[in-house]
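See structure below.
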Amino acid sequence: MTRAIRFASFGGAEVLEYVDIEVPAPGPGEARVAHRAVGVNFIDVYHRTGLYPLTLPSGLGGEASGVVTAVGTGVEHVKVGDRVAYTAPAPLGSYSAERNVEARWLVSLPPGIGFETGAAMMLKGLTAWYLLKRSYRVARGDWIVLYAAAGGVGLIAAQWARELGARIIGIVGTEAKRDLALSVGCEHVLLDGDEIARRVRELTNGGAPVVYDSVGRTTFYQSLDCLRPHGVLVSFGNSSGKVEPFGLHELMRRGSLYVTRPTLHDFIRDRASLESAARELTSLVEQGRIKIAVNQTYALRDAAQAHRDLEARRTTGSTVLIP
């Protein structure tokens with residue numbers, strides 16, 4: 001038996017239950033991982049509330065780090081005793097002390113990277129990677145607009161964008177978060193409620209080539225208004241709700257804009273892509289060029305409180321659960 005978070009109905013954080021579960025022997029292509037730390041992400045809230053539907057009852061979470069304790073047949077790239085980290089799209093279940101994972105999602109965790117960092121960097125770090133290097137390829141000198149710049153993805157993306165030579169305008173909710181975003185390389189940081197589009201257009205002399213928007217419904221048109229002609233809006237989150245359907249003429253009349261709604265696992269579908277992206281990320285982390293800010297830790301049993309704090313915007317950087 002091991003301990004895990006499960007939920008049987010969609011709703012608030014109170015639906016999360018801390019229960020005993022059985023973990024069977026790993027099947028073909030699987031590895032059992034004893035978790036040392038578990039990443040918490042806003043997508044976990046979307047799953048819990050039913051914004052992203054799934055079959056209930058269900059586990060929760062898709063990011064963790066730990067040690068391999070058993071492997072199934074056909075698994076060759078990891079072995080018992082290996083330190084690993086992962087972000088896996090399905091089935092959910094990283095909110096647990098131990099679980100079986102499709103081994104193809106596991107990557108080696110270098111000795112110089114601790115378990116908490118490993119659990120906090122995979123989904124958020126690889127999200128920053130595909131945002132900056134695949135959805136829109138940031139070039140030196142590019143202005144970028146980054147929402148939630150003091151959040152888990154935001155802090156990593158700001159540092160990575162700085163490495164690429166970008167000029168970063170962060171958007172945050174409080175003065176304290178403004179200072180944090182400035183400390184990781186944002187050139188300017190605007191507060192929610194400021195005249196964001198007007199200020200961005202002033203700072204960039206006409207608009208940015210790209211906006212990275214994790215907020216969704218309430219900021220969509222504001223984000224479009226931050227772009228220069230032919231600019232790209234990368235909408236990658238829904239913290240305020242899903243973007244409502246809109247007319248394509250909205251893109252035409254703002255200067256022939258582009259909109260994309262990507263998701264991480266479309267960029268790491270094959271093992272080679274995952275390993276290449278993970279190498280880029282872990283190299284930058286090992287060298288200290290990207291620092292993973294684990295600013296909140298909770299016991300696994302307190303996952304509901306972690307969700308409450310995340311939704312109330314009381315967190316910065318990354319949050320992990322400790323089994």
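State which residue is surrounded by the most Cβ atoms within 10 Å (Cβ to Cβ) when the search covers only region 125-152 and only residues that are at pLDDT 95 or above and farther than 23 Å from Thr204 by Cα. By that ranking, first place goes to Gly125. Scanning region 87-121 for residues that are among the hydroxyl-bearing types (Ser, Thr, Tyr) and more than 16 Å from Ser283 (Cα to Cα) returns Thr87, Ser94, Tyr95, Ser96. Selection within region 188-224: residues that are of a type in the set (Ser, Thr, Tyr) and in contact (Cβ under 8 Å) with a residue 40 or more places away in the chain. The member of this set that is surrounded by the most Cβ atoms within 10 Å (Cβ to Cβ) is Tyr212.
Within region 58-81, how many residues turn out to be closer than 16 Å to Pro26 by Cα and crowded, with 18+ Cβ neighbours inside 10 Å? Even if it seems obvious, please write down each step before you answer.
Our first condition is that a residue be closer than 16 Å to Pro26 by Cα; within region 58-81, this holds for 66-81.
Of the ones still in play, those that are also crowded, with 18+ Cβ neighbours inside 10 Å are 66, 68, 71, 75, 78.
Counting residues in region 58-81 that are closer than 16 Å to Pro26 by Cα and crowded, with 18+ Cβ neighbours inside 10 Å gives 5.
Among the listed residues Ala97, Ala103, Ala90, identify the single one that is surrounded by 18 or more Cβ atoms within 10 Å (Cβ to Cβ) and in contact with a Leu (Cβ under 9 Å, 6 or more places away or on another chain). Only one candidate passes the filter, namely Ala97.
Looking only at region 90-130, residues that are under 17 Å from Ser214 (Cβ atoms) and in contact with a Pro (Cβ under 8 Å, 6 or more places away or on another chain) come to 1 in all. Under the condition of being out of contact with any helix residue (DSSP H, G or I) (no Cβ under 7 Å at 6 or more places or on another chain) and hydroxyl-bearing (Ser, Thr, Tyr), the residues counted in region 259-268 number 1. Screening Thr219, Thr315 for residues that are of a type in the set (Val, Ile, Thr) and in the same structural domain as Phe115 (by TED's automatic domain parsing) leaves exactly one candidate, Thr315.
Picking from Leu56, Leu51, which residue would you name as being closer than 23 Å to Ser235 by Cβ, part of a loop (DSSP other than H, G, I, E, B) and of a type in the set (A, V, I, L, M)?
Values: Leu56 fails: closer than 23 Å to Ser235 by Cβ.
That would be Leu51, the only listed residue that is closer than 23 Å to Ser235 by Cβ, part of a loop (DSSP other than H, G, I, E, B) and of a type in the set (A, V, I, L, M).
Only residues that are part of a helix (DSSP H, G or I) and among the hydrophobic types (A, V, I, L, M, F, W, C) were counted in region 87-125, giving 8.
Tally time: how many residues in region 14-32 are charged (D, E, K, R) and free of Cβ contacts under 8 Å to residues at least 24 places away in the same chain? Outline the logic, then answer.
Applying the first criterion (charged (D, E, K, R)) to region 14-32 yields 14, 17, 20, 22, 30, 32.
From what's left, free of Cβ contacts under 8 Å to residues at least 24 places away in the same chain: 17, 20, 22.
Total meeting the criteria: 3.
Within region 3-13, the set of residues being surrounded by 15 or more Cβ atoms within 10 Å (Cβ to Cβ) and without any contact (Cβ under 8 Å) to a residue 60 or more places away in the chain comprises Arg6, Phe7, Phe10.
Yes or no, residue by residue, for (1) modelled with pLDDT of 95 or more; (2) under 29 Å from Val153 (Cβ atoms); (3) outside any strand (DSSP E or B); (4) not small (Gly, Ala, Ser):
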{"residue": "Ala4", "(1), (2), (3), (4)": "yes, yes, no, no"}
{"residue": "Ser9", "(1), (2), (3), (4)": "yes, yes, yes, no"}
{"residue": "Glu14", "(1), (2), (3), (4)": "yes, yes, yes, yes"}
{"residue": "Tyr18", "(1), (2), (3), (4)": "yes, yes, no, yes"}
{"residue": "Pro24", "(1), (2), (3), (4)": "yes, no, yes, yes"}
{"residue": "Ala37", "(1), (2), (3), (4)": "yes, yes, no, no"}
{"residue": "Asp44", "(1), (2), (3), (4)": "yes, yes, yes, yes"}
{"residue": "His47", "(1), (2), (3), (4)": "yes, yes, yes, yes"}
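The values are calculated or read from the model by the stated rules, or taken from the named source; none is laboratory data. Note that the coordinates shown come from a computational prediction; the quantities given were computed from them, not determined experimentally. With ideal geometry, Cβ positions are generated from the backbone for all residues, glycine too; neighbour counts draw on all protein chains shown.
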